[in-house]
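Before any comments, here is the structure.
Computed from the coordinates by the stated procedures, all read-outs in this text should not be read as laboratory data. Quantities reported herein were computed from a predicted structural model and do not represent experimental measurements. Positions of Cβ are backbone-derived with ideal geometry, glycine not excepted, and every protein chain shown enters the neighbour counts.
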Amino acid sequence: GLFGSTAGSAEIMNLELLGANISADGSNVGILIGYMQEGTIHNCYVEGTITNTNNSFYTGGLVGRMDSQAEVGRSHSNVDIFGSRSVGGLVG
């Protein structure tokens with residue numbers, strides 16, 4: 001993704017990513033963030049395709065993996081996702 005991971009008080013706001021095309025062979029894959037440990041995403045939109053192979057975990061349109069200390073609000077995705085474990089349109 002655009003950001004591999006976030007922590008602390010990270011804030012990502014008012015961002016739009018269009019036409020993303022990710023091909024991966026690993027865990028924690030998302031167009032915006034791979035692994036969101038803490039922080040906030042607000043008013044963001046992603047569009048594209050993710051293909052994750054090798055039976056990997058956590059593939060999501062906006063965020064691959066997100067911990068309970070992180071927040072997403074007023075954000076959405078339009079993503080074609082090809083994965084096999086812990087896959088979600090917004091968060092894996």
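Quick notes
Here is a yes/no grid of residues against (1) within 20 Å of Gly8 (Cα to Cα); (2) surrounded by 15 or more Cβ atoms within 10 Å (Cβ to Cβ); (3) polar (S, T, N, Q):
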residue: Glu38; (1), (2), (3): yes, yes, no
residue: Asn52; (1), (2), (3): no, yes, yes
residue: Gly64; (1), (2), (3): yes, yes, no
residue: Asp67; (1), (2), (3): yes, no, no
residue: Glu71; (1), (2), (3): yes, no, no
residue: Arg74; (1), (2), (3): no, no, no
residue: Ser77; (1), (2), (3): no, yes, yes
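- Test: Gly60 is of a type in the set (Gly, Ala, Ser) and surrounded by 17 or more Cβ atoms within 10 Å (Cβ to Cβ): yes
- Residue check, Arg85 of a type in the set (D, E, K, R) and in contact with a Cys (Cβ under 9 Å, 6 or more places away or on another chain): no
- Of all residue pairs spaced 6 or more apart or on separate chains, those with beta-carbon atoms under 7 Å, a first member in the range 54-78 that is farther than 14 Å from Gly30 by Cβ and touching a residue at least 24 places away in the same chain (Cβ under 8 Å) and a second member that is part of a loop (DSSP other than H, G, I, E, B) and of a type outside the set (Val, Ile, Thr) are Asn54/Asp25; Asn55/Ser84; Asn55/Arg85; Gln69/Gln37; Gln69/Glu38; Arg74/Asn43.
- Residues (surrounded by fewer than 13 Cβ atoms within 10 Å (Cβ to Cβ) and in a loop (DSSP other than H, G, I, E, B)) located in the range 1-28: Gly8, Ser9, Asn14, Asp25
- Residue count for the range 33-70, restricted to those that are assigned to a strand (DSSP E or B) and either in contact with a His (Cβ under 8 Å, 6 or more places away or on another chain) or under 15 Å from Ile22 (Cβ atoms) (or both): 16
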